[in-house]
Amino acid sequence: MKKIKLHHFAYNIVPNSLELVLEFFEKLDCKLSYRKGKERWCLISQDNLLVEIQIIEVKDKPIKTEIKKNTHIAFLSDNPSESLKKIKIFADKKGIKFVQGSWSDKEYWFDLPDLFVNFTIEIMHTSIVEN
């Protein structure tokens, strides 16, 4: 029997936001890896990673940040504060609400509550996973 391999995670975004969310994920070094025609969902990935994230527009209303912050997509950064600043600037330029918090001085999270329905983004310092 062949082994089962993880392929992707799926997260929900608000209607008519796919292109904006794709633009946002480019700031996190992600790129579009699959989209069929004008479908309102797609897959994104990063180079050299075998797991993808599926982003799907749904009609559900975003849940409160306090509830969804533990359901997140985590990224590693050598400088999380600088990464957050870059995202905040992007959000401000696009008129998108930006909410941020942290679990420690090395683990931060943020939400774009007008776009993300059921998840947030975590940015952790690379030292978290270094041995």
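The table below gives the values:
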read-out	value
Sole exception among (1) of a type in the set (D, E, K, R); (2) over 26 Å from Gly101 (Cα atoms); (3) surrounded by 15 or more Cβ atoms within 10 Å (Cβ to Cβ) for Glu57, by number	(2)
Residue in segment 42-92 that is farthest from the chain's Cα centre (by Cα), counting only those that are among the small types (Gly, Ala, Ser) and under 16 Å from His8 (Cα atoms)	Ser45
The lone exception for Phe110 - which of (1) over 17 Å from Lys68 (Cβ atoms); (2) of a type in the set (A, V, I, L, M, F, W, C); (3) at pLDDT 95 or above it fails	(1)
Residues of segment 99-123 satisfying the condition of being assigned to a strand (DSSP E or B) and either hydroxyl-bearing (Ser, Thr, Tyr) or within 13 Å of the chain's Cα centre (by Cα) (or both)	Ser102, Tyr108, Trp109, Phe110, Asp111, Phe116, Thr120, Ile121, Glu122, Ile123
Tabulated pairs, segment 45-59, first under 16 Å from Phe25 (Cβ atoms), second aliphatic (A, V, I, L, M) and loosely packed, with under 10 Cβ neighbours inside 10 Å, C-beta under 9 angstrom, 6+ apart or interchain	Val51/Leu6
Search result, residues across segment 78-125 that are touching a residue at least 40 places away in the same chain (Cβ under 8 Å), within 19 Å of Ile63 (Cβ to Cβ) and of a type in the set (S, T, N, Q)	Asn118, Thr120
Answer residue from segment 7-39, given it is among the basic types (Lys, Arg) and at pLDDT below 95 and is surrounded by the fewest Cβ atoms within 10 Å (Cβ to Cβ) among those	Lys38
Any chance Ile44 is of a type outside the set (S, T, N, Q), out of contact with any Pro (no Cβ under 7 Å at 6 or more places or on another chain) and over 17 Å from Glu122 (Cβ atoms)	no
Residue match in segment 85-95 (condition: of a type in the set (A, V, I, L, M) and not in a helix (DSSP H, G or I))	no
The one condition in (1) closer than 27 Å to Ile89 by Cα; (2) modelled with pLDDT under 95 that Cys42 fails to fulfil	(2)
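The values are calculated or read from the model by the stated rules, or taken from the named source; none is laboratory data. These figures come from a predicted structure and were not determined experimentally. As a convention, Cβ positions derive from the backbone with ideal geometry for all residues, glycine included, and neighbour counts pool all protein chains shown.
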